[in-house]
Amino acid sequence: MSNYHIKHLEEYFQVYRKAIRNPEGFWEEIAEEHFLWRKKWDKVLEWDFTKPEVKWFQGAKLNITENCIDRHLTIRRDKTAIIFEPNDPNEKAQHITYGELHEKVCKMANVLKENGIKKGDRVCIYLPMIPELAISVLACARIGAIHSVVFAGFSSSALATRINDSDCKLVLTSDGSYRGNKTIDLKGIVDTALDYCPDVETVLVAKRINSDITMKKGRDKWLAPLLKDASNDCPAEIMDAEDMLFILYTSGSTGKPKGMVHTCGGYMVFTAYTFKNIFQYKKDDVYWCTADIGWITGHSYIVYGPLANGATTVMFEGVPSYPDYGRFWEIVEKHKVNQFYTAPTAIRALAKENLEFVEKHDLSSLKVLGTVGEPINEDAWHWYNYNVGKNRSPIVDTWWQTETGGIMISPMPYVTPTIPTFATLPFIGVQPALMDENGNELEGNQVEGRLCIKFPWPSIARTIWGNHERYRDTYFSAYKNMYFTGDGASRDAVGYYRITGRVDDVIIVSGHNLGTAPIEDSINEHPAVAESAIVGFPHDIKGNALYGYVILKEAGEVREKDDLRKEINQQITEHIGPIAKLDKIQFVPGLPKTRSGKIMRRILRKIAGKDASDLGDISTLLNPEVVEEIKKNAL
Ligand code: PRX
């Protein structure tokens, strides 16, 4: 019997060693005993980080939806698979059983087929957190179409870039979405985007807010009548383990977003196995991850991981502050949530509010708390532990990335002793390494360096859509034979890992990955702007906020500076989305540059973070005089 469910620390160490000594043997055992394959693999693993190439379970045949839905039907047809909690607490929650989910996914899959979608076609899903989102993700997987979910907070231009990059033929959206007491005109955003996407043939529209929208003849169709008429029988397409399952875009250091590609077999095995252990999920538990399915956290730990384990997973449409700051805790009480997984930024925002919002709710169902997306600071950790977990629900601080597909470094609750701000130990099969700047591995404990992974794990992204070279350059060229994460980390005296943050040009704001380049590109398009540089600075709630240094074309720009600031932020909102807006904009005469013309962001970061007393040696800069000027006028 494989060690599918790890129960204590000794067992963790024993299984960890086993998986390192013989990765193929270990993963083969897990895959064989706990999943449904139409055909077994010919080879467990083939890899070469220099190409780079990774293949797990080659030759195996499966469909992930048979693992997430069909195989549960015999024993848990009537068990709730998804609890949908609407934005408005007065609207009734929906409980979708595994039986119903099967039917809904099959119908949606048939609608996609009737609209010309076949195996390998890309489908863009731009939907709010309503059941149709999870259902359409699964429907794509059912027929072997590659889903590309775009977070429904991205702007029309960000959406268009993503649709075109992967050449999606069909877009699924809704008339609009609710967000607290606001509504958002999603269909309008799609319409604008599609002016730039000539290859999209069909738009399927779910009705959510009953708004008056225009439907373009020949292109746009309401989803509901199509679903009503569709057959509920849709045999699963038999996929190769290495066939693509989905594309999910993430920001990079250069302008264009990277479409990370995940494949069927390894992704399924790793997300399911991590879910089981990192949340210690038991048969009748109710699990809730507050992320949006538009991000990897939602893909892996709202949809695929939980459903592959036959779990009950909550999908929440709303925001933590509506109708008041007690909403999360009200939902925990209402659905008796056992595992609760959220982002540090949400914890920090809620910790600022009156404690009564937490205290008036019965949170005794909680057994495990989780965090993801950014480092959690100590104060937030303690607040979460004490006020939400009442000191008896372990916190799992889970470190991972869109690229890793699943959780890589994390405690297992009731197994690994936790320490605030430490992601603790690598998950089974994960082999981290800390590297110094010269490319040497830092051996032993009490070291700090750049975080790499030495050996492939089953859910590593296989490529960047349409750009394998960029995949190699970004992740496999910095250190020989290693996957480079872009993060820094330290290892303490007992071997626990602590993530210190990004070491590249990605800034994490409220848990969202933002590349500096696309934001700078957007600012530079403003007619009054000559050049700009973005850095992050510490922010109480968001973790990091954005600070922009902007050089204007006309030094004596006559317009009010505040108007310009508004215009710049408006432009960013249009190009990327409101999440990328700048908190501070300083107009500067120049940017500190090296003699080769590279912007010295280190200096700008220090000034933005009000830590400019020691800027190091700036005499080698091309323009050292500009630094004083920037410092003097810092915001
Ligand atoms: O910097 C790390 C940070 O988030 C980055 C990955 O972002 P993304 O691909 O959007 O995926 C987020 C959800 C998995 C990482 O490179 N990060 C993620 N989790 C943690 C974290 N930083 C510190 N602690 C974490 N637990």
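When the residues of region 201-220 are filtered to those that are of a type outside the set (S, T, N, Q) and in contact (Cβ under 8 Å) with a residue 60 or more places away in the chain, which remaining residue is nearest to residue 170 (Cα to Cα)?
201
Every residue in region 453-467 that is among the polar types (S, T, N, Q) and not in a loop (DSSP other than H, G, I, E, B), please.
463 - this is the single residue of region 453-467 that is among the polar types (S, T, N, Q) and not in a loop (DSSP other than H, G, I, E, B).
What are the residues in region 52-76 that are farther than 15 Å from residue 232 by Cα, open to solvent by 10 Å² or more (accessible area, probe 1.4 Å) and over 26 Å from the mean Cα position of the chain (by Cα), if any?
Answer for region 52-76, where residues must be farther than 15 Å from residue 232 by Cα, open to solvent by 10 Å² or more (accessible area, probe 1.4 Å) and over 26 Å from the mean Cα position of the chain (by Cα): 58, 59, 61, 71, 74, 75, 76.
For every residue, the table says whether it meets (1) within 16 Å of the ligand (Cβ to nearest atom); (2) assigned by TED's automatic domain parsing to the domain that holds residue 52; (3) on the phi > 0 side of the Ramachandran plot.
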| position | (1), (2), (3) |
| --- | --- |
| 482 | yes, yes, no |
| 499 | yes, no, no |
| 524 | no, no, no |
| 532 | no, no, no |
| 552 | no, no, no |
| 562 | no, no, no |
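With the structure loaded, tell me whether residue 174 is polar (S, T, N, Q), over 15 Å from residue 112 (Cβ atoms) and free of Cβ contacts under 8 Å to residues at least 60 places away in the same chain or whether it fails that test.
yes
Among the numbered criteria (1) assigned to a strand (DSSP E or B); (2) of a type in the set (A, V, I, L, M); (3) in contact with a helix residue (DSSP H, G or I) (Cβ under 7 Å, 6 or more places away or on another chain), which single criterion is violated by residue 31?
So residue 31 meets the others, but not (1).
Go through (1) basic (Lys, Arg); (2) part of a loop (DSSP other than H, G, I, E, B); (3) within 14 Å of the ligand (Cβ to nearest atom) for residue 450 and report which single condition fails.
Here residue 450 meets the rest and fails (2).
Residues that are open to solvent by 10 Å² or more (accessible area, probe 1.4 Å): find the strands (runs of 3 or more DSSP E) completely inside region 117-190 holding 2 or more of those.
By residue number, 177-179, 182-184.
Can you spot a residue in region 586-602 that is surrounded by 11 or more Cβ atoms within 10 Å (Cβ to Cβ), within 30 Å of residue 379 (Cβ to Cβ) and touching an Asp or Glu at 6+ places or on another chain (Cβ under 8 Å)?
yes
Which pairs do you get when a residue that is part of a loop (DSSP other than H, G, I, E, B), found in region 292-321, comes within reach of a residue that is within 13 Å of the ligand (Cβ to nearest atom) and open to solvent by 10 Å² or more (accessible area, probe 1.4 Å), reach meaning Cβ atoms under 7 angstrom, with the pair 6+ apart or on two chains?
Taking only residues 6 or more apart or on different chains, the pairs are 292/151; 294/151; 295/151.
So, residue 445, is that one open to solvent by 10 Å² or more (accessible area, probe 1.4 Å), assigned to a loop (DSSP other than H, G, I, E, B) and away from the ligand (no atom under 16 Å from the Cβ) or not?
Considered against the rule, which asks whether it is open to solvent by 10 Å² or more (accessible area, probe 1.4 Å), assigned to a loop (DSSP other than H, G, I, E, B) and away from the ligand (no atom under 16 Å from the Cβ), residue 445 comes out as yes.
Go through region 331-442 and tell me which helices (runs of 4 or more DSSP H), entirely inside it, have 3 or more residues that are within 15 Å of the ligand (Cβ to nearest atom), within 30 Å of residue 269 (Cα to Cα) and open to solvent by less than 50 Å² (accessible area, probe 1.4 Å).
344-351
The values are calculated or read from the model by the stated rules, or taken from the named source; none is laboratory data. Since the structure is predicted, the reported quantities are computational estimates derived from the model, not experimental observations. In this analysis, Cβ positions are derived from the backbone assuming ideal geometry, glycine residues included, and neighbour counts consider all displayed protein chains. Surface accessibility is based on the protein's heavy atoms, side chains included, excluding ligands, DNA and RNA. Shrake-Rupley method; radii C 1.70, N 1.55, O 1.52, S 1.80 Å.
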